[in-house]
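Below is one structure, written out as structure tokens; the observations come after it.
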Amino acid sequence: MEKLPKAAVFTLIGIAILVVVIFKSSVVIESGQAGVLFKTLDNGVDRENTYGEGFHIIAPWNDMIVYPVRQLSVADKMRVLSVNGLEVQVDATVWYQPQYDKLPYLHQEKGRNYESAILAPAISAAARSVVGRYTPEQLYSSKRDVIQSEILEEVQIELAAQYIQVNRVLVEDVTLPVKIKEAIERKLRQEQEALEYEFRLAKATKEAERQKIDAEGKAVANTILSASLTEKILKEKGIEATLKLAESPNSKVIVIGGGGEGGGMPIILGNQ
């Protein structure tokens, strides 16, 4: 086998070196990512620039560190104490992302493992602080939305200078000790039954008041009617009825008179 000429050997070596240089000098940043440039022969991290999506050419001795910058999430089960010292478990999910313009600072000061080093402790501290303000009853029933908002606010304050943006906190579940949960559920059932009883009692009371008012109204009306029906009016009505009966073609016997002054009311005995 013939040896290659030296020129060909050098050419192949040059091509290999060129391929390595091109490979080392080209960086593709995918969608939802951003890069931090580390300048090996200069001042280290380029703090002035965050490199966005696409193709980038860098010096082969430099290094591009790529971070995901789209919204991320982390779920955690935290055991914390309520205001009266009872341990509860809070299952929460936090949505977050690095601050794009501050990505070089995040890389330099916090490192690639910033989630476990910075984010997780901040979430745990906020959860302990917020949950420690409430009783188990409040945590179990009506305070979940409030807890979410307060944890989010505290985490945002804690991470304001840490180059991390927290977008939302979702408290998925609050788990209480079994005995405490059963006691709360019994109390809630009793409160519901008491409310139902009060509702039925109020309804019955209103119905009784309505019937009383109705009866009183009828009694007043009867009293007024009785007072207006004097003997003179009754006699006039009787005379009117007698005249109408007299005009009827049917045969009948009408007796007028009776005891008392001025005679009595007409009495219809019947017809033939």
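The values are calculated or read from the model by the stated rules, or taken from the named source; none is laboratory data. Keep in mind it's a predicted model, so treat the numbers as computed, not measured. A quick note on method: Cβ atoms are made from the backbone with ideal geometry, for glycine too, and the neighbour counts reach across all protein chains shown.
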Among the residues of segment 25-58, how many are farther than 16 Å from residue 109 by Cα and either modelled with pLDDT under 85 or of a type in the set (Asp, Glu) (or both)?
-> 5
Would you please name the residue that is nearest to residue 116 (Cα to Cα), looking only at residues in segment 59-74 that are at pLDDT 90 or above and loosely packed, with under 14 Cβ neighbours inside 10 Å?
-> 73
